[in-house]
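Values in this text are rule-based calculations from the coordinates and carry no lab data. Keep in mind it's a predicted model, so treat the numbers as computed, not measured. Glycine gets a Cβ as well: all are built from the backbone with ideal geometry, and neighbour counts include every protein chain shown.
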Amino acid sequence: MKTNQALITAPLLIALLFPAPTAVAADCTKACLAVTVENGQIVVSGQKGNGPKSTKVVKKVTAVKKVAPKKPVIKRVVLKQPSAVVATRKPVVKKKRVVTKKAVAATSIADRLTKLLPTGGVAFQPAYEPLVHVPVVFWCDLPKIFSTRFNIVGEVVDVTLRPSFSWSFGDGSVMSSTDPGAPYPNGSIQHAYLKEGTYLVTMLATWGGTWSNQGTIRAVTGQIKTVRVATIKVVSAPTMFVQ
């Protein structure tokens with residue numbers, strides 16, 4: 001009984017002390033892919049194959065063994081007539097044919113695809129001369145998430161990007177969010193000005209995200225930053241005297 005317990009316990013201890021290695025997805029097993037963002041564009045690059053090999057002609061030369069010519073053998077033939085001397089011919093050495101082979105270039109496919117990200121402007125309510133101390137609602141028409149798919153060198157690449165927003169209202173106040181905002185009454189980006197004047201509102205959108213291929217998810221290299229501005233004029237409410 002103790003022997004059986006020992007046989008069962010030993011594999012368990014080995015499994016606990018030496019766990020099985022975790023599987024790691026290897027890059028470039030079938031195709032080398034890369035996703036970056038440059039100048040407001042999603043850039044997907046792909047390469048498949050080993051690349052072109054040298055097409056230089058290679059000559060295969062087979063060594064030819066030197067055969068020393070045999071000395072001619074002189075045979076004496078006895079005839080009825082007076083004897084004559086007959087010499088045999090020298091042996092002929094045949095040279096082996098030299099075969100030339102041309103290296104075959106390996107197939108390689110490379111491609112590069114680009115796609116522009118959506119752009120949007122800044123809007124606000126009330127649209128005409130908002131009043132001081134009254135909240136102004138801001139928003140931009142960018143989506144909260146942007147997804148697209150690429151087919152490149154026989155592979156499918158899915159890209160998902162999300163923007164984050166930084167608002168500067170022109171009077172020293174700033175605000176950050178992941179929400180592009182919306183018109184009244186659902187707007188989450190609001191700001192009230194304390195003094196009348198003309199202000200330059202700046203919205204900075206920063207895009208980042210991930211891409212996936214064959215179940216493996218990676219981060220997109222780089223970021224896209226877009227800036228949109230709007231000018232707003234804030235006025236004071238007229239004063240009315242009521243008797």
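Worth a mention:
- Couplings for the stretch 194-205, taken from phi via the Karplus curve 6.51 cos²θ - 1.76 cosθ + 1.60 with θ = phi - 60°, read 8, 10, 6, x, 10, 10, 9, 8, 10, 10, 9, 9 Hz in order; Gly and Pro are left as x.
- Computed log₁₀ I(q)/I(0) - Debye formula, equal Cα scatterers, no solvent, the stretch 186-243, q 0.21, 0.28 Å⁻¹: -0.95, -1.16
- Residues T231 and I145, FRET efficiency given R0 of 25 Å [Cβ-Cβ distance, rounded to 0.05]: 0.25
- For the stretch 154-179 versus the stretch 30-47, the gap between their alpha-carbon centres in whole angstrom: 21 Å
- For G170, nonlocal amide neighbours, meaning residues 5 or more places apart or on other chains whose placed amide H falls under 5 Å from its own, are T202.
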